[in-house]
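Following: one structure in structure tokens, then a few remarks.
The values are calculated or read from the model by the stated rules, or taken from the named source; none is laboratory data. Small disclaimer: the values here were computed from a predicted structure and weren't measured. Cβ sites come from the backbone with ideal geometry, for glycine too, and all protein chains shown count toward neighbours.
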Amino acid sequence: MSNVRPESMERITTEALADAFIEEQVAAVKAQVGDKKVLLALSGGVDSSVVAALLIKAIGKNLVCVHVSHGLLRKGEPEQVVEVFRNKMNANLVYVDAVDRFLDKLAGVAEPEQKRKIIGAEFIRVFEEEARKQQGIEFLAQGTIYPDILESGPVKAHHNVGGLPDDLKFELVEPLKFLFKDEVRVVGKALGLPDPMVYRQPFPGPGLGVRCLGAITRDRLEAVRESDAILREEFAKNGLEGKVWQYFTIVPDFKSVGVKDGKRSFEWPVILRAVNTRDAMTATVEDVPFALLQHITARITSEVKGVNRVLYDLTPKPTGTIEWE
Ligand code: XMP
């Protein structure tokens, strides 16, 4: 099948166009897979979620969604996958709790590319194990979108994941492969996915793993997750969600001296990052109101265990990258 978007294909900008696309793809998927089973790795990111919703509409429980919970997602994300897909959409969802596996493999590993490789390889291993447990799978669905094919997508270009072994090379089902990201979101909305899932900011494959700098520890990872949740909550409350391209927190692997409750403390800093960009190749820093930065600082230092300072990263890309690892 061709990998070039047909020239006649209209840009999907409205719900009506999305509905027409969905109808066409539902028929195409039914024709491709018949009554066979399809496997999908469902991370809860925009692309895999839209593929899941589309295939549930086409083939219902013959779509087997596997969500690998690796402990590196943001606060509330694994729960949201279960809520939306299993509870609301009645999906056939296999939830794999692999947190200990991932964190044990990552223990003591400080080198960023090594961390990425371990996360990618372990993901494939867990997914492969689940694939082998399933009977009668003949197809693998993927949330490939057009920028992935054009290889101009800097976000996914980082993937270090490798692939499934040869005996598990299923025929691919890629219903979004000619869509651009904004079109995927319009389709997701038309399929009834919740806004926080459809309009979610970009999130790296290795997740919070590259924001817990150096060798990941459970307590520092928790500090990343909790501080990120506070930042997201405050950005949403203050009208910055959907306006700022990407925002998150980082916890480095060093401590500094402070005072807490009248006593000397020796704890981690949290670094805030909020950037705007078109293509992630260059980025500018969001001019977050100072009062909001102070409020976020007060919340993080009082609510997040083990943290006594908050810093705001003022560095554009270049010279800084968006992530710290
Ligand atoms: P940098 O840090 O290179 O990030 O300025 C550019 C964009 O890519 C995302 N990013 C990743 N995405 N796997 C991904 O899927 C990765 O390993 C990875 N590293 C960085 C980053 O969040 C930003 O949007």
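Considering the stretch 67-101 alone, what residues qualify as being more than 15 Å from PRO196 (Cβ to Cβ), outside any loop (DSSP other than H, G, I, E, B) and more than 15 Å from the chain's Cα centre (by Cα)? Before the answer, list the steps.
Taking the stretch 67-101 first, the residues more than 15 Å from PRO196 (Cβ to Cβ) are 67-72, 86-87, 89-101.
Narrowing the set further to residues that are outside any loop (DSSP other than H, G, I, E, B) leaves 67-69, 86-87, 92-97, 99-101.
Scanning the stretch 67-101 gives ARG86, ASN87, ASN92, LEU93, VAL94, TYR95, VAL96, ASP97, VAL99, ASP100, ARG101.
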For the stretch 181-194, check the following and say yes or no: at least one residue is surrounded by 16 or more Cβ atoms within 10 Å (Cβ to Cβ) and at positive phi.
no
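In the stretch 103-126, how many residues are among the charged types (D, E, K, R) and within 12 Å of the ligand (Cβ to nearest atom)?
From the stretch 103-126, those among the charged types (D, E, K, R) are 104-105, 111, 113, 115-117, 122, 125; that's our starting set.
From what is left, the residues that are within 12 Å of the ligand (Cβ to nearest atom) are 113, 115-117.
Count: 4.
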Of all residues in the stretch 295-325, count the ones that are surrounded by fewer than 17 Cβ atoms within 10 Å (Cβ to Cβ), within 16 Å of the ligand (Cβ to nearest atom) and among the aliphatic types (A, V, I, L, M).
1
For the stretch 235-253, which positions are exposed (fewer than 15 other Cβ atoms within 10 Å of the Cβ) and under 17 Å from ILE300 (Cβ atoms)?
ALA236, LYS237
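Residues checked against (1) of a type in the set (D, E, K, R); (2) free of Cβ contacts under 8 Å to residues at least 24 places away in the same chain:
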residue	(1), (2)
ARG232	yes, no
ALA236	no, yes
LEU292	no, no
ILE296	no, no
Would you be able to say whether some residue in the stretch 202-214 is buried (at least 19 other Cβ atoms within 10 Å of the Cβ), away from the ligand (no atom under 16 Å from the Cβ) and not assigned by TED's automatic domain parsing to the domain that holds GLU83?
no
In the stretch 108-151, anything modelled with pLDDT under 95, surrounded by 14 or more Cβ atoms within 10 Å (Cβ to Cβ) and charged (D, E, K, R) is listed as ASP148
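Looking at the stretch 122-149 only, could you name the residues that are in a helix (DSSP H, G or I) and within 17 Å of the chain's Cα centre (by Cα)? Walk me through how you get there before you give the answer.
Initially, the stretch 122-149 is screened for residues in a helix (DSSP H, G or I), giving 122-133, 146-149.
Residues satisfying the conditions are GLU122, PHE123, ILE124, PHE127, PRO147, ASP148.
Does the stretch 274-323 hold any residues that are among the acidic types (Asp, Glu) and at pLDDT 95 or above, and which are they? Please lay out each step first, then the result.
Of the residues in the stretch 274-323, the ones among the acidic types (Asp, Glu) are 279, 286-287, 303, 313, 323.
Matches in the stretch 274-323: GLU286, ASP287, GLU303, ASP313, GLU323.
I want to confirm something. Restricting to the stretch 14-53 and keeping residues that are assigned to a loop (DSSP other than H, G, I, E, B) and small (Gly, Ala, Ser), which single residue is farthest from VAL198 (Cα to Cα)? Step through it out loud before you land on a result.
Residues of the stretch 14-53 that are assigned to a loop (DSSP other than H, G, I, E, B), as a first pass: 14, 34-36, 42-45.
Next, from what is left, pick out any that are small (Gly, Ala, Ser): 34, 43-45.
On the way: GLY34: 28, SER43: 13, GLY44: 10, GLY45: 8 Å.
Top of the filtered list is GLY34.
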Taking the stretch 172-201 and keeping residues in a helix (DSSP H, G or I), more than 16 Å from the ligand (Cβ to nearest atom) and β-branched (Val, Ile, Thr) leaves VAL186, VAL187, VAL198
State which residue pairs qualify: first residue assigned by TED's automatic domain parsing to the domain that holds PHE170 and inside the stretch 129-151, second residue surrounded by fewer than 13 Cβ atoms within 10 Å (Cβ to Cβ) and modelled with pLDDT of 95 or more in any location, beta carbons under 8 Å apart, and separation of 6 or more residues or different chains.
GLU138/GLU171; PHE139/GLU171; LEU140/GLU171
For the stretch 192-224, which positions are among the basic types (Lys, Arg) and under 15 Å from the mean Cα position of the chain (by Cα)?
ARG200, ARG211
